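Student: I am attaching a structure below and will ask some questions about it afterwards.
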Amino acid sequence: MDQSLFRLVDQEQDSFQRKWTLVNGPVIIGAGPSGLATAACLREQGVPFVVLERAECIASLWQKRTYDRLKLHLPKQFCQLPKLPFPEDFPEYPTRKQFIEYLESYAKHFDINPKFNECVQSARYDETSGFWRVKTIVTSGSNKIEFEYICRWLVVATGENAERVVPDIQGLAEFGGEVIHACEYKSGEKFQGQKVLVVGCGNSGMEVSLDLCNYNASPSMVVRSSVHVLPREVYGKSTFELVVLMMKWLPLWLVDKLMLVLAWLVLGNVEKYGLKRPSMGPLELKNTKGKTPVLDIGALKKIKSGDINVVPAIKRFSYRQVELVNGEKLDIDSVVLATGYRSNVPSWLQEGEFFGENGYPKAPFPHGWKGNGGLYAVGFTRRGLSGASSDAMRIAQDIGKLWKDETKQHKKITIACHRQCISQF
């Protein structure tokens, strides 16, 4: 193996003067929670790494593409990253601002310093050399410079929410009012007094609709398909915590049945409000389709009172109006597309075995963290931050063992060469 692999990246040298660099350790693509968790675990293993991030900050999704009122939907003990818990004085459901503070302190604690404004253009495995070649474009002011990293291991940490999903809806271009994706929505303040159509009924759609109500807007929420709505808490106990507890003793199908009974006891019959439940249980649906149930934090109360108007799928838009599939027409002022996100891995990773066309590892959980040729994936489990943490620990342990073995082998070669040189004198 090329001995130059074992040279550390010179952090002091101006990287813009070099067209490529050999990385002593893995390259991690993405400085969100998944990338940070992997970097922290590698730091604990003593393995050097380079983290590449296209934005100018860590956790750009949380910092730039989330609404102000957002809180973690699960209790903090299920959302903390490896090796460093949340501060004790944080509430059970930390706010967006508190979570960002936690991530920044996490990066500082483990001395994680990503290379910001580096957008990966391509990554491919060179079978001849056994190395990954990662090409980026570095943005510095108005200058854009091509750069290449050569590494033995590649960790894909760009996650499930790299790019927004914007559906192609007939007539949307002719609507004439403001149309934004939920990632651009900050608060309902500027929508006061408006009739707003929220397209999507997942956690974001529900929460945006609730926030609009709180700012005296009139939201109509499009519910195109069936959806599981569960209470965030059942008689003061976290629903997620109850599920984790029950899964230790009971089969999944039975936990699903019990959760639906509890949901009915706490929330009542939600189907009469236009929220039809899927035939598949919430946990089975999450595991097989990746569709997360909605954890209600107040939107259902507004639906029951009529403050949030639940409407069926869209047929077409026209100027300041939407026609629904049932023939009803609504006058609206603005549209918020709470239509979710997708992985962007297929657009830059030149590999077809490990990742599928949808940008997720083909192998089901818990086997989707390791591919061939030193390729790893973190944060694609559809199991939130706890799933990402689990991946990160596995990856760091695996790379740590390989890195230490290769380092020992390199030292043996170096000592042997040294002895040979001495013996010649």
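Student: How much length, in nm to one decimal, is gained on full extension between GLU357 and MET280, taken as 0.36 nm per residue of separation minus their Cα-Cα distance?
Tutor: The span from GLU357 to MET280 would gain 25.2 nm if fully extended.
Student: Oh, and also: Which label belongs to the value computed from this structure, given these candidates for mean projected area of the Cα convex hull in nm²: (i) 25.1; (ii) 31.7; (iii) 27.2?
Tutor: (i)
Student: Over the chain, calculate the relative contact order: mean separation of alpha carbon pairs under 8 Å at least 6 apart, over the residue count, as a percent.
Tutor: With pairs under 8 Å counted, the relative contact order is 21 percent.
Student: Could you work out which residue, out of ASP296, ASP391, ASP168, moves most in a Gaussian network model of the chain, that is, has the largest mean-square fluctuation with Cα springs under 10 Å?
Tutor: Its mean-square fluctuation being the largest, the pick is ASP168.
Student: Whenever you get a sec, compute what percent of the accessible area on the chain sits on carbon and sulfur atoms (1.4 Å probe).
Tutor: The C+S portion of the solvent-accessible surface of the chain is 50 percent.
Student: Along the charge dipole of the chain, Cβ charges K/R +1 and D/E -1, which of HIS181, LEU260, GLN63 sits furthest on the positive end?
Tutor: Ranked along the dipole, the leading option is LEU260.
Student: Probe 1.4 Å, all protein chains in place: accessible area of VAL311 in Å², nearest 10?
Tutor: Around 10 Å² of this residue is reachable by solvent.
Student: If you average the alpha carbon positions of region 321-367 and of region 111-174, how far apart do those two centres end up, in angstrom?
Tutor: When both Cα centres are located, 19 Å separates them.
Student: A follow-up question, please. Counting Lys and Arg as +1 and Asp and Glu as -1, each charge on the Cβ, what is the dipole of region 164-339 about the Cα centre in debye, to the nearest 20?
Tutor: Approximately 460 debye in magnitude.
Student: Only Cα pairs within less than 10 Å get springs; with that Gaussian network setup on the chain, which residue of ILE112, ILE28, ILE137 has the largest fluctuation?
Tutor: Most flexible of the set in this elastic network: ILE137.
Student: Here's something else I'd like to know. Anything over 22 Å Cα to Cα? Flag those among LYS97/LYS144; LYS190/LYS302; LYS76/LYS370; LYS248/LYS286; LYS276/LYS362, in the order listed.
Tutor: LYS97/LYS144; LYS76/LYS370; LYS276/LYS362
Student: Largest first, what is the accessible-area ranking of MET259, MET280 with a 1.4 Å probe? Working shown, then result.
Tutor: On the way: MET259 5, MET280 55 Å².
Of MET259, MET280, the descending order of accessible area is MET280, MET259.
Student: Rounded to the nearest 500, what is the 222 nm mean residue ellipticity of the chain from helices alone, with -39500 (n - 2.57) per DSSP H run of 4+ residues and division by all residues? Mind showing how you got there, number by number?
Tutor: Details: 9 runs with 124 residues, N = 425.
Rounded to the nearest 500, the figure is -9500 deg cm²/dmol.
Student: For an R0 of 30 angstrom, estimate the FRET efficiency from the Cβ-Cβ distance between VAL266 and LYS97 and round to the nearest 0.05. Mind dumping the intermediate values first?
Tutor: Values: r = 29 Å, r/R0 = 0.97.
Efficiency, rounded to the nearest 0.05: 0.55.
Student: When Lys and Arg each count +1 and Asp and Glu each count -1, what net charge do the other residues less than 15 Å away from VAL223, Cβ to Cβ, add up to?
Tutor: Result for the local shell: +4.
Student: If you don't mind, another one. With only Lys, Arg, Asp and Glu charged, each at its Cβ (+1 for the first two, -1 for the last two), find how big the charge dipole of region 16-97 is about the Cα centre; round to the nearest 20 debye.
Tutor: Computed charge dipole of region 16-97: roughly 340 debye.
Student: Which aspartates and glutamates have a Cα less than 16 Å from the Cα of LYS329, not counting those fewer than 8 places away in the same chain?
Tutor: GLU174
Student: Let me ask another. What nm value, rounded to one decimal, do you get for the distance between TYR215 and VAL244 when each label is placed 7 Å out toward the C-beta?
Tutor: 3.3
Student: Here's something else I'd like to know. Hey, can you find the accessible area per residue of the chain for me, probe 1.4 Å, expressed in square angstrom?
Tutor: 50
Student: Hey, another quick one. Within 15 Å, Cβ to Cβ, of GLN98, how many net charges do the neighbouring residues add up to if Lys/Arg are +1 and Asp/Glu are -1?
Tutor: Combined, the nearby Lys, Arg, Asp and Glu give -1.
Student: Same structure, new question: Given +1 on the Cβ of Lys and Arg, -1 on the Cβ of Asp and Glu, and no further charges, what dipole in debye does the chain carry about its Cα centre, rounded to the nearest 20?
Tutor: Rounded to the nearest 20 debye, it is 720 debye.
Student: What number results when the radius of gyration of region 164-339, computed over Cα atoms, is divided by 2.2 N^0.38 Å? Walk me through the numbers on the way to the answer.
Tutor: On the way: Rg = 17.0 Å, N = 176, 2.2 N^0.38 = 15.7 Å.
Here the Cα radius of gyration is 1.09 times the empirical estimate.
Student: Give the residue from PRO167, MET280, GLN192 lying farthest towards the positive end of the charge dipole for region 164-339; charges sit on Cβ (+1 for Lys and Arg, -1 for Asp and Glu) and the dipole is referred to the Cα centre.
Tutor: Toward the positive end, the furthest listed residue is MET280.
Student: Right, another one. Work through the residues other than TRP62 whose Cβ is under 10 Å from its Cβ and net out their charges, Lys, Arg +1 and Asp, Glu -1.
Tutor: Once positives and negatives cancel, what remains is +4.
Student: Short version: ³J(HN,Hα) in whole Hz for each residue of region 104-117, in order, from phi by Karplus 6.51 cos²θ - 1.76 cosθ + 1.60 (θ = phi - 60°), x for Gly and Pro, what are they?
Tutor: So the Karplus estimates, Gly and Pro as x, are 5, 5, 5, 4, 5, 4, 9, 6, 9, 10, x, 8, 7, 6 Hz.
The values are calculated or read from the model by the stated rules, or taken from the named source; none is laboratory data. Remember, predicted model here, so these are calculated numbers, not experimental data. Note that each Cβ is placed from the backbone with ideal geometry, even for glycine, and that neighbours are counted across all protein chains shown. Remember, those area values only see protein heavy atoms, side chains included, never the ligands or the DNA or RNA. Shrake-Rupley method; radii C 1.70, N 1.55, O 1.52, S 1.80 Å.
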